[in-house]
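Everything on this sheet refers to the single structure shown next.
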Amino acid sequence: MATDVVQYALLGLISVRPEGAHGYQLKVKFDALYGDFWSLNYGQLYRTLDRLERAGLVQCTEEVQSGRPSRKVYRITASGQHSLDDWLLLPPTDEPRPLRDDLSVKLLFLTEARREETLALVRSQRAIYLHHLARLTKRRTVLEESGQDMFVTRLLLLQADMRVRADLAWLDLVEKELLQRIEGKKAPRPTPPKHR
Amino acid sequence: MIRFDNVSKVFGEGQTRVDALRGLSLQIPARQFCTIMGPSGSGKSTVLHLVARLTKPTEGEIYLGDRPLSGMAERDAAMMRRREIGFVFQFFHLIPYLSAEENVSLPLLLDGLSSASVRQQTERVLTLVDLLHRRRHKPSELSGGEMQRVAIARALVTSPRVILADEPTGNLDSTASHAIMRLLRRSSDELGVTVLMVTHDPVCASYGERVVRLMDGQVVEDIDVTEGASEEVSKHVAHRRQDG
Ligand SMILES: Nc1ncnc2c1ncn2[C@@H]1O[C@H](COP(=O)(O)OP(=O)(O)O)[C@@H](O)[C@H]1O
Ligand SMILES: [Mg+2]
């Protein structure tokens, strides 16, 4: 996960605990949510928390515990909340690569009240992917028409195709599930008959 | 130009009523290569059928050029389909007992052209799809990609203004698909044909300049995929953020 995504993932986790969160709790929560996909060690965790504190996005207080060493408790600041809100609504990524990291963290903290914005986010991401594909397609066409030997380039282009295709298929699914959540308790539409 | 003006299409009634299209408005300029995407049942094929006047809208109007289609007499509609529209389908729809050449020339024979010009036009489009050397083969002797190229030749032989393609690569592998897409791209670029294509494959969609996404019979996205359009998207998003 890119540094700034980790940063916002932690900021998001802190934001949902107005009573404050300490490092160990954050690590446990992060692992529960993302452990299967990303590992975050304590070094990274505390470095990131330090960075958030220095940027004024979280506030850290010492909590004294009887019979045990005191521990640091983190709370989100107004400016931290602002920064989180801003980031959540930024298009996930201009470069199609780290989409999963980025979008999944955003989806986690975009609340029900922002469903339209969430849907718009998924859709703008789809448009970015299609542009990327269109560029690849142009390159392929130019290369093929130039008659050069493009053994490796062709394989790389194919890989790029497959990746973008998979990402777009995933976006379709994200959209579908989002719409289902939005429609929620409304009577489900009858499923259309099989494709004709 | 193709224009949909607030078009609704309902199939059946009562319990079996299906709203295939709900107030669809869409303008496709001449020569554009436009792709329609969307889940199964979202109304994609219905859009193509309406353009060809194979079915009529329940509400609204469709224009081809400046002609409204719903009032057109059946005979005129059939003539329009034959002369101005080329079809490409997922399952090729070639006549199995005719050769590639005979399949391609069929629309011209139906139109009563002289045999000299039939031969000339047929050769022209078979050359375009690079299948002149297989002209005497029957569909069963051709690969899927070749059959689809024959179908494209047949669609182009009347020099139509519009090509309607319904999942033309649905049964092809990726190499054959690219060949088909390049042909459709060239039809639009070099022959000035308006291409309206339904596809599930984003890679195929990326050959066009526009992607319209349908859901439940409505347009939910209309994406310009040409160069420079990326900045438009970012601008749009930035703008939306400022709004609140
Ligand atoms: N001739 C028809 N009679 C009844 N229902 C139809 C007919 N054609 C299409 N439909 C219905 O209209 C909806 C849209 O169909 P269609 O345009 O074929 O969708 P798509 O091509 O996007 O899969 C579907 O629910 C389909 O079942
Ligand atoms: Mg269909």
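Where Rh denotes the Kirkwood radius from the mean inverse Cα pair distance, what is Rg over Rh for the range A:102-182?
Over the Cα atoms of the range A:102-182, Rg/Rh equals 1.15.
Under 5 Å between amide hydrogens, which residues at least 5 positions from B:ILE163 or on another chain qualify, with H placed 1.01 Å from N in the peptide plane?
Answer set, sorted by chain and number: B:GLY86, B:THR194, B:VAL195, B:LEU196.
Could you work out [θ]222 nm for chain B from helices alone, using -39500 (n - 2.57) per DSSP H run of at least four and dividing by all its residues? Round to the nearest 500 deg cm²/dmol.
Rounded to the nearest 500, it is -12000 deg cm²/dmol.
Explain nothing, just the number: relative contact order of the range A:102-182, from Cα pairs under 8 Å at least 6 residues apart, as a whole percent.
The value is 42 percent.
List the longest stretch of chain B that has no exposed loop site; here a site is one of the trypsin sites (Lys or Arg not before Pro) assigned by DSSP to anything other than H, G, I, E or B, with at most 14 other Cβ within 10 Å.
B:18-135
Averaged across the residues of A:136-147, what count of C-beta atoms belonging to other chains lies within 10 Å of each residue's C-beta?
3
Calculate one ³J(HN,Hα) per residue across the range A:62-78 by plugging θ = phi - 60° into the Karplus curve 6.51 cos²θ - 1.76 cosθ + 1.60, and present them in order as whole Hz with x for glycine and proline.
7, 10, 7, 10, 5, x, 9, x, 5, 10, 8, 10, 10, 10, 6, 9, 4
Would you mind checking which residues have amide H under 5 Å from B:ARG213's amide H? H placed 1.01 Å from N; only 5 or more apart, or other chain.
Those qualifying (amide H under 5 Å, at least 5 residues apart or on another chain) are B:MET37, B:VAL220, B:GLU221, B:ASP222, B:ILE223.
Could you please put B:LYS138, B:LYS56 in sequence from largest to smallest accessible area, using a 1.4 Å probe?
B:LYS56, B:LYS138
Using a Gaussian network model on chain B with a 10 Å cutoff between Cα atoms, which of B:ASP166, B:ASP66, B:ASP216 fluctuates the most?
Checking each option, the largest mean-square fluctuation is seen for B:ASP66.
Per residue of B:196-208, count partner chain C-beta atoms within 10 Å of its C-beta, then hand back the mean as an integer.
5
Can you tell me how much longer the chain between B:PHE11 and B:GLU74 gets when fully stretched, taken as 0.36 nm per residue apart minus their C-alpha distance, in nm with one decimal?
20.7 nm
In the full protein assembly as shown, how much of B:ASP173 is accessible to a 1.4 Å probe, in Å² to the nearest 10?
The value for B:ASP173 is about 100 Å².
Kindly write out, for the range A:23-30 in residue order, the coupling ³J(HN,Hα) from the Karplus curve 6.51 cos²θ - 1.76 cosθ + 1.60 (θ = phi - 60°), rounded to whole Hz, with x marking Gly and Pro.
Each residue's phi maps through the Karplus curve to give x, 4, 4, 5, 4, 4, 5, 4 Hz.
Take the alpha-carbon positions of the protein assembly as shown, form their convex hull, and give its projected area averaged over all directions (one quarter of the hull surface) in nm².
For the protein assembly as shown, averaging the hull's shadow over all directions gives 27.3 nm².
Can you pick out the pairs among B:LYS9/B:LYS44; A:LYS29/A:LYS72; A:LYS176/B:LYS44; A:LYS72/A:LYS106 whose Cα atoms lie more than 23 Å from each other?
A:LYS72/A:LYS106
Give me Rg/Rg_expected for the range A:3-89, where Rg uses Cα atoms only and Rg_expected = 2.2 N^0.38 Å with N residues.
1.06
Using the basic label-point model (7 angstrom from Cα toward the beta carbon), what is the B:ASP173 to B:THR226 distance in nanometres?
Going from the B:ASP173 label point to the B:THR226 one covers 3.5 nm.
In Å², and per residue, what accessible area does chain B have when probed at 1.4 Å with the other protein chains present?
On a per-residue basis, 45 Å².
Between chains A and B, what is the buried accessible area in Å², counting both sides, with a 1.4 Å probe and ligands, DNA and RNA left out, to the nearest 100?
2800
Counting alpha carbon pairs within less than 8 Å and at least 6 residues apart, what relative contact order, in whole percent, applies to chain B?
RCO, chain B: 27 percent.
Under the rule of at least 5 residues apart or a separate chain, name every residue whose amide H is placed under 5 Å from the amide H of A:VAL58.
Excluding prolines and chain starts, which carry no amide H, the hits are A:GLU53, A:THR77.
With springs only between Cα atoms under 10 Å, which of B:GLY86, B:GLY38, B:GLY14 fluctuates most in a Gaussian network model of chain B?
The residue with the greatest mean-square fluctuation here is B:GLY14.
Using 7 Å Cα-to-Cβ label points, what is the B:PHE91/A:GLU116 separation (nm, one decimal)?
Result: 4.4 nm between the two label points.
Please work out the Cα center distance from the range B:1-66 to the range B:111-152, rounded to the nearest Å.
Taking the Cα centre of the range B:111-152 as reference, the centre of the range B:1-66 is 31 Å away.
Which of the GluC sites (Glu not before Pro) found in the range B:37-137 are loop residues per DSSP with 14 or fewer other Cβ atoms within 10 Å of their Cβ?
Loop-located and lightly packed - none at all.
When you look at the Cβ of every residue in B:180-193, what mean number of other chain Cβ atoms sits within 10 Å?
1
Tell me which aspartates and glutamates have Cα within less than 15 Å of B:LYS56's Cα, excluding those fewer than 8 residues away on the same chain?
Output for B:LYS56: B:ASP5, B:ASP19, B:GLU74, B:ASP76.
The values are calculated or read from the model by the stated rules, or taken from the named source; none is laboratory data. It should be emphasised that the depicted structure is a prediction, and the values quoted were computed from it without experimental measurement. We place every Cβ from the backbone using ideal geometry, glycine too, and count neighbours over all the protein chains shown. These accessible areas exclude ligands, DNA and RNA; they are computed on the full protein's heavy atoms, side chains included. Shrake-Rupley method; radii C 1.70, N 1.55, O 1.52, S 1.80 Å.
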